[in-house]
Every structure is written in C-alpha cells, then in structure tokens.
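The values are calculated or read from the model by the stated rules, or taken from the named source; none is laboratory data. Computed from a predicted model, the values in this text were never measured in an experiment. Counting neighbours? That spans all protein chains shown, and the Cβs are built from the backbone with ideal geometry, glycine included. For accessibility, only protein heavy atoms count, side chains too; no ligands or nucleic acids. Shrake-Rupley method; radii C 1.70, N 1.55, O 1.52, S 1.80 Å.
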Amino acid sequence: MLSLQSDPRQYNLNLQQLQQQQQQQQQQLVQQQVARVPYNVGTDHHREDSSLALASASNIKQELSREVDEDMLLNLAHQNYKAGNYKQALEHSKAVYERNPRRTDNLLLLGAVYYQLHDFDLCIAKNEEALRIDPQFAECYGNMANAWKEKGNIDVAIRYYLIAIELRPNFADAWSNLASAYMRKGRLTEAAQCCRQALALNPRLVDAHSNLGNLMKAQGLVQEAYNCYLDALRIQPTFAIAWSNLAGLFMEAGDLNRALQYYKKNLDVLDPSCQPKRSDYGLPEDKFIFACFNQLYKMDPEIFTTWCNILKRVPNSALWLLRFPAAGEMRLRAHAAAQGVQPDQIIFTDVAMKQEHIRRSALADLFLDTPLCNAHTTGTDVLWAGLPMVTLPLEKMATRVAGSLCLATGVGEEMIVNSMKEYEEKAVSLALNRPKLQDLTNRLKAARLTCPLFDTARWVRNLERAYFKMWNLYCSGQHPQPFKVAENDLEFPYDR
C-alpha cells in the first residue's frame, strides 16, 4: 500500500532576506523623516526647528520600535510553528496582522497555521489576501493548492500548483506537491515527471525521492522503487517513512525477513519514548475525533449518513478516515458536503505500517465501526490501542466480528448497540459525556493484559483443543460434527 509523504507545510520564507528588506525599509523611513525637518543654524527659530526634529526623531523611534516588535512577534510565530505549537503561532501571527495587515510574509504564515489547524477556508482566504497585495507571490499559490487538495478539489489544486510553477519555475516543493496531486488523479506518468523535475531542482528533497519510489512501486518497477528509497535514506538516514516504504516493498514481494529488518529500522529512527501527538499527523488538537480505519468499500450510504448526523450533532468534531484506497476520498468528501458537513470535519491520512498504525490510533477519541462488514484485524488493533468503539452486529459472520472482539475485552457490552438509531445516540452520548468515555477508555486499557482477546497463549491452547477434538472424532470413525470448545482438559485436551 502506498504511503505517500504528506505535502510540506512550510511557507518557504527566507528570514535573512526578509530582515534585510525590513532594515532597508527602516533606513528609507529615517531618510524620509529627516528630509522633512529643515536644518537651520544660528537663527532665533533654531530652537523651534530643533523641537520639530526631536519630535520627528521620536516618531522615527516609535516606528522602528513598532517594526522591531513586529519582527519579534513574527519570529516567535515562526518558532512556535516549527515546534508544532500552532495555536501559539496563531496568536503571535495575529498580533503582527493587527499591527500590519499588509505584511505578506505574515499572511503566508497565517495561511500555513490555519492549514495545520485544518481550517482550509481561512488558509485560502489569507493567501488570497496576500495575493491581492503581491500577485506574484508563488508560495501563496502553492499553499492554496495544498488547501484545495485537502478539501478534495484536486483539479483546482493542480491549477494553482501550475500557476505557482509558472511564477517560479524553480519551485521544487510545488513540483513535488504537483506530483502528489497527479497521483491522486491516477496520472502516474505525469506524477513521475514532476518528481524528477523536483529532484533536478533540489536533489536532496527526500520527499520527492520517496514519492518517486512509491510511483515506481505502483507501476511494478520494484528495483527502481528500491533505488529511490535508498536515495532518500542516503540523504537523510533518519527518514522513517522511507524505511517503512522499504519494509512494505519487501513485504509485498514476499521477503518477510528483509521486510522485518527494514521495519525494525523504521522503529529505531522513531523515538519510542516519545508519545505521539496529533500535530505529528496533521490532526487538530482541539476537536473530538471519531475514527474509522476500515477499508472504504466497507462503508455504505446508510452508515456514512449516520456518521454525518453524528458530526452535525457533536460540536467541534471530526471524522478521521484512511485513503484506503485514495480514489474514494473525493467521493466521500462530496457526500459529506451534500449532507451539510463542513470540509474540515473530514480528515484523511495515508495507511501506515502496523506498529505506527496502532500507535497513532490512540490519538482518536472513539472508533465508529462499519456494520455491513466490521473491523476485523483493525478492530483488534484499535482495541489494543485502548480506543473504544461503537459497533452494530447484524446477522452474517462478517457483521458480528467486532462485537465478538468487544465482548472478549470484558467491557464490550458498553460498545455494542442493537439498531442504527441506537448507534447514532451511543456515539453522540459518549462524545458529549467525556467523563463517561474516559472511564470506558481507562477500563479498556486496564483489561488489555488480562482479557481473553489478547491472551495469545490461552487462544493457542484452545485452538489445539479444537484440533485434537477433530482428530479424535476422525480416529473414532465419526463424521465431522459441530462442537463448542470448552476449557475442560478431560473433554477437550490440548496435548493429546
């Protein structure tokens, strides 16, 4: 499964150049202010002119102080942005905006912050505001393209990437992001050309190397994909995504030993002692996050409409889905919009390797299962991550797996419902009653090491009981028959 790196969220500012520009503007301001003061010596009105000069000098100092404050605030905004503290970055950037709403570098930063906070409409608005002041600002078009892509309008995103590149043909990030957009449209040849153009401009762009590897893998060019991933790792040995992609490459090729080797390397370069943060995955820190990591084909109109109802009833909530496959994203976004759901309430991320998938699952608040075909392996993963779910068992086996998994944790009764109406009410109730949900989460996490669901040794013994029962029936000349395994060594031995 492809694991394309997310679009760079940087705003491509050269701080040194900006500071030099500010200094030049300050010098021009001083010259303009001094030129207004008549210079007279040895006259009676010298004192008056001197007072005018002093007043002007005071104005100059105030103006310079204001600009120094702007620079200081903008620098703080930059530092918080790079550290992932987007709310603090927003506060500082807004303060700069109040002082100087026409400062385009700050408007670009504001747009980038809003992007990270998943307010894509405000991201677009701030970039448009900057472009009204400076229509040649290529980075604004690039960042607007990123926002439109997240909103699901890939065609508009492509158009803006192309404008950015027309304004700045050497804009390597725009070429790389354009490749990602083309891939979402299935235009693999054009995507590969854009990756190569990005690398021609910046050979050290590790994202482009990794993305080109994913494109090669999608076309069955395994050796070429392998070389691309290695190129990325030669530049940045700690680039975890490239190690993960290498593991996926060999897993699909059936070489499980090498896949495991690269997967362990992926874990080595990640800090195991560091708790994952929502900002690491572009998730909003302040929203209640529902999640469903099932493949998109498991979602039918009825359950998706129910999810939309839940999102509309729970303030400041979002639904986290996987591009599994990526082709379904635009359709689901369009369906959600038609149901009155805001664009920033639907969040898509790429599929991740198993350990990373479980690690980040804990960042959600509540898992919403798909009734027609439940979460099976995914259900086990999210429960192990300590993420409660809501599931609706139906009649067929594939619709009852998640309910069985929940019951095997010992706290499953609180996660199982009997109707679609009850499903919606349960999800809304848990989301609006945080103490109740937290209590369920705590009990689920506490049960993981003792409940039957994750007791592997016990599961193996009981499977062996079933095998021995079948063998003994065969040896005694009986026909195959259904039976229920009991943990009884006399009736169901596991060692003979």
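Computed quantities for the displayed model
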read-out: Local electrostatic count at Thr409 - Lys and Arg +1, Asp and Glu -1, tallied over other residues with Cβ under 15 Å; value: -2
read-out: Solvent-accessible area per residue, Å², over the range 166-293 with all protein chains present [probe radius 1.4 Å]; value: 46 Å²
read-out: Cα gyration tensor shape for the range 356-496, rounded if a/c is under 1.5, else prolate or oblate; value: prolate
read-out: Distance between the range 291-337 and the range 342-380 - C-alpha centres, whole angstrom; value: 11 Å
read-out: Global geometry of the range 171-224, whether rounded, prolate or oblate, following the gyration tensor of its Cα atoms and the 1.5 cut on a/c; value: oblate
read-out: Anisotropy class of the range 355-422 from Cα gyration tensor, a/c 1.5 cut; value: prolate
read-out: Rounded Å value of the spacing that divides the Cα centres of the range 180-229 and the range 431-490; value: 45 Å
read-out: Accessible surface of the range 236-386 [probe 1.4 Å, protein heavy atoms]: carbon and sulfur percent; value: 55 percent
read-out: Unsatisfied cross-links (Cα-Cα over 18 Å) in the set Lys298/Lys484; Lys94/Lys151; Lys149/Lys185; value: Lys298/Lys484; Lys94/Lys151
read-out: Lysines whose Cα lies under 22 Å from that of Lys264, excluding same-chain neighbours fewer than 8 positions away; value: Lys217, Lys277, Lys354
read-out: Set of aspartates and glutamates near Lys287 by C-alpha distance (under 18 Å), chain-local residues within fewer than 8 positions excluded; value: Asp119, Asp121, Glu150, Asp344, Asp365
